[in-house]
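Computed from the coordinates by the stated procedures, all read-outs in this text should not be read as laboratory data. In this text the structure is predicted, and so the values were computed from the model without any measurement. A quick note on method: Cβ atoms are made from the backbone with ideal geometry, for glycine too, and the neighbour counts reach across all protein chains shown.
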Amino acid sequence: MKTTTSRARRPAALALLLYVALLNVSSPAMTGAVAAAQTPRAVATTNLTVSYELGMSRPTTHLFEVTMTIANVTAPQLDVQFPVWIPGAYRVVDAARNVQEFRAGTTAGQTLPAAKTQTNTWRVETSGNSALRVSYKVYADALSVAGIHLDDTHGYFNGTLLFPYVVGAKDRPITLTINKPRGWKTISTGLESVAGRPDTFTAPDYDTFADCPTEIGTQNVLRFDHQNVPYEIAIWGSHNYDLTRFQKEVEAMVRSQIEMMGAAPFKRYVFIFHMSPNGGGGLEHLNSTTIGLRKYGGATDQGWDSFRGVTSHEFFHLWNVKRFRPEALGPFDYTRQVPTTDLYVSEGMTSYYGDLHIRRAGLWTPARFYTALASEVQTLQGLPGRRILTVEESSVNTWFSNDNSRNSSFSYYNKGQLIGMLLDLEMRQRTGNARTLDDVFRHLNDNYALPKAGWPVGGFRKAVETIAGSDFGEFFTRYVSGTEELPYERALGYAGLKLERKDAATRDHGITFAGDGPMRPGALVNRDPSLLTVSGVDADGPANNVLAPGDMLLAINGERATQATLPLQLERFKEGERVPLTIFRGDRLLEVSMTMTGRRAATYEITEDPKATAEQKALRESWLTGKKAESSKQ
Ligand SMILES: [Zn+2]
């Protein structure tokens, strides 16, 4: 997955989704019988087949209509179960919460008893019938790459949110028939079509089926081939991107990545783009991806960079996480959180290669690529959480958000990308540029890609050491399972690059006030914009343990403080000086003081060292192009 809004912090919209999902976990069950919680039952399923029929006859109600036919049933009871999470979006969303009007019966229309035994499971009494029909509706008003959406312009779904599986039968083949509203001509999906049956698709098992998001409507479709493999680009929504350039850039990123990884491990690939006012990041799948872009981003460099960043990241995922992955990530357990310490590899290094391939594809100059890396450095170095949390802990923590995340966390995308860069440069340096992180990823693809099992705990480090032919224990202890500051200067130096840190021009007091940024659930609302209500305090700033969220800042040194005057009022105090503050804490009027710190905020820049040696330049050239240097040791 990738979000475009912020790499450092969980975006407010996602946090809100999670918050809503959590509220719903404890809400009363929906209509229908509710049995005492029972463990879902796996059934004998040797010949069982599942087919779904998807309708959308009243699209403005946002309700998808699903009929599920289960054939060759032999068991007295079947458990029909919805996933609680979507692979790639590591949070509990409970697909079943939007299910309504669940009914079970025979194919002849006779009703069968069905009881809700878990929040996500219905138990159907088969009463000796060998074929069952289950029907239900799903409310689909979540337009996000990880959501489901139905309105008068299109239908879009992630299979995990729309289709349940039969417990014990996820390995059985599936067919899907889609009944489109009149006038909707196109279905874009990674699913395989069934010959001779229009709008009917098939998958060998539930994991494959659920991993093919599908766009239905009047979307614009572009096509190209690369090495005889067809690619589709489906675009929903109005936008101002130049489509000739858009397609050319997608092709360039595809070519660059296929060149590194060797071959396309699929028969065809589908990019689904949603153009909307707010964009929305991307979500990876086996042979497709859905990407949300800001619809008018085509007019700005930032819009194009966002398109490149997400597209390159999501495409690289087709190997990193969709084929080879830590063993927790597939085959999937859809019933619970599946934590892994290695999302810094699966996500962070996908970002590393995403950006590197924008450069290798020629869409970024080296200088633009350095700017992207420097901004990752700036993000991580601006977060006090990097001193107390390891990147492995950060990976595991993705399943929830911490109320003190401002001071206790960072993103494993961000630090994982930087660790990818450090490892790559370190390996190149140690081996005279003969062995690289590219080789590690090809090695992972050879050894841990589907249908093989994922790598066990410690498997990634082992792959690095196998390829590099040397010990990386200290590196992993310090920077992966430890919290030491990352050695950027040393690694960049191998490539003849310099990292420069510049102090910010104005003092960063490390205090935010309600109304400063996007609203978060639970954030305080300022009724009067002239009142300064503290919403957050940086752990390494002057107000740490002096101010707290909820405090109302009234005066600094006896003079009224306002949003407009605050920066200049604080600028008058030098490092080490005492700053008297008057505050309300609840209903108590207090005089407190903080000791001014030095300037903390900084910008970072990566530039080429004009004094770089031929060896450093050769390493850099090989890194930026993906080609092994001719003089490299073998
Ligand atoms: Zn991702």
Original post:
Considering amide H positions built from the backbone, and no H for Pro or chain starts, which residues 5 or more places from R91, or on another chain, come under 5 Å of its amide H?
Top reply: I86
Original post:
So, how do all the Cα-to-Cα distances of segment 315-396 break down into 5 Å bins, in percent, from 0 on up?
Top reply: 3, 13, 17, 19, 18, 15, 10, 4, 1, 0
Original post:
So what is the orientation-averaged projected area of segment 260-338, using the convex hull of its C-alpha atoms, in nm²?
Top reply: 6.8
**OP:** Hey, can you grab everything whose amide H is under 5 Å from the amide H of R435? Only 5+ residues off in sequence or another chain; H modelled, so Pro and N-termini drop out.
**Re:** none
Original post:
By its C-alpha gyration tensor, with a ≥ b ≥ c as the square roots of the eigenvalues, how is segment 402-456 shaped: rounded for a/c under 1.5, else prolate for a/b larger than b/c, else oblate?
Top reply: oblate
Subject >> Convex hull projection area averaged over all views, segment 409-566, Cα basis, nm² >> reply: 14.1
Original post:
Two-decimal Rg/Rh of the chain from alpha-carbon positions, Kirkwood Rh?
Top reply: 1.00
Original post:
Dipole of the chain, Cα-centred, from +1 at each Lys and Arg C-beta and -1 at each Asp and Glu C-beta, to the nearest 20 debye?
Top reply: 420
**OP:** Could you tell me which of G88, G510, G183 has its Cα farthest along the dipole of the chain towards the positive end, charges placed at Cβ (Lys, Arg +1; Asp, Glu -1), taken about the Cα centre?
**Re:** G183
**OP:** Would you compute, from DSSP H runs of 4+ residues alone, the mean residue ellipticity of the chain at 222 nm, taking -39500 (n - 2.57) per run and dividing by the full residue count, rounded to the nearest 500?
**Re:** -7500 deg cm²/dmol
**OP:** For segment 227-303, compute Rh as the Kirkwood radius over C-alpha pairs and then the Stokes-Einstein diffusion coefficient at 37 °C and 0.692 mPa s; write the answer in µm²/s, rounded to an integer.
**Re:** 246
Subject >> Positive-end residue, the chain charge dipole about Cα centroid, Cβ charges, pick of W122, L54, A108 >> reply: A108
**OP:** List, in order, the whole-Hz ³J(HN,Hα) value for each residue of segment 183-197 obtained from phi through the Karplus relation with A = 6.51, B = -1.76, C = 1.60 and θ = phi - 60°; use x for Gly and Pro.
**Re:** x, 8, 9, 10, 10, 10, 7, x, 5, 7, 6, 8, 4, x, 10
**OP:** Determine ³J(HN,Hα), in whole Hz, for all residues of segment 574-580 in sequence, where each value follows from phi through the Karplus function 6.51 cos²θ - 1.76 cosθ + 1.60 and θ = phi - 60°; x replaces Gly and Pro.
**Re:** 8, 4, x, 7, 7, 10, x
Subject >> Degrees separating the helix 366-381 axis from the principal Cα axis of the chain, which is the longest one >> reply: 80
**OP:** Rounded to whole Hz and in sequence order, give me ³J(HN,Hα) for segment 581-587 from the Karplus expression 6.51 cos²θ - 1.76 cosθ + 1.60, θ = phi - 60°, writing x for Gly and Pro.
**Re:** 10, 10, 9, 9, 10, x, 9
Original post:
Whose amide H sits under 5 Å from the amide H of F273, counting only residues 5 or more places off or on another chain, with H placed in the peptide plane?
Top reply: A234, I235, W236, I291
Subject >> Members of K452/K617; K248/K627; K170/K248; K116/K137 lying beyond 27 Å, as alpha-carbon distances in this model show >> reply: K452/K617; K170/K248
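With +1 on each Lys and Arg Cβ and -1 on each Asp and Glu Cβ, how big is the dipole of segment 193-321 about its Cα centre, in debye rounded to the nearest 20? Please list the in-between numbers first.
Details: 10 positive and 15 negative charges, 56 e Å.
Here the size comes out at about 280 debye.
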Original post:
Radius of gyration and Dmax for segment 118-193's Cα atoms, expressed in Å?
Top reply: 15.0, 43
Original post:
Nearest 10 degrees, 0 to 90: what angle lies between the long axis of helix 301-316 and the longest principal axis of the chain (Cα atoms)?
Top reply: 50
Subject >> Gap separating the Cα centres of segment 468-516 and segment 538-556, nearest whole Å >> reply: 27
**OP:** Mind pulling the angle between the C-alpha long axis of helix 412-430 and the longest principal axis of the chain? Nearest 10 degrees, somewhere in 0 to 90.
**Re:** 70
Subject >> Net charge dipole size for segment 559-611 [Lys, Arg +1 and Asp, Glu -1 on Cβ; Debye, nearest 20] >> reply: 240
Original post:
If you rank L54, L554, L486, L161 by fewest surrounding Cβ atoms within 10 Å, what's the result?
Top reply: L554, L486, L54, L161
**OP:** For a quick protection proxy, order the peptides 610-617, 565-572 by their average other-Cβ count within 10 Å, most packed first.
**Re:** 565-572, 610-617
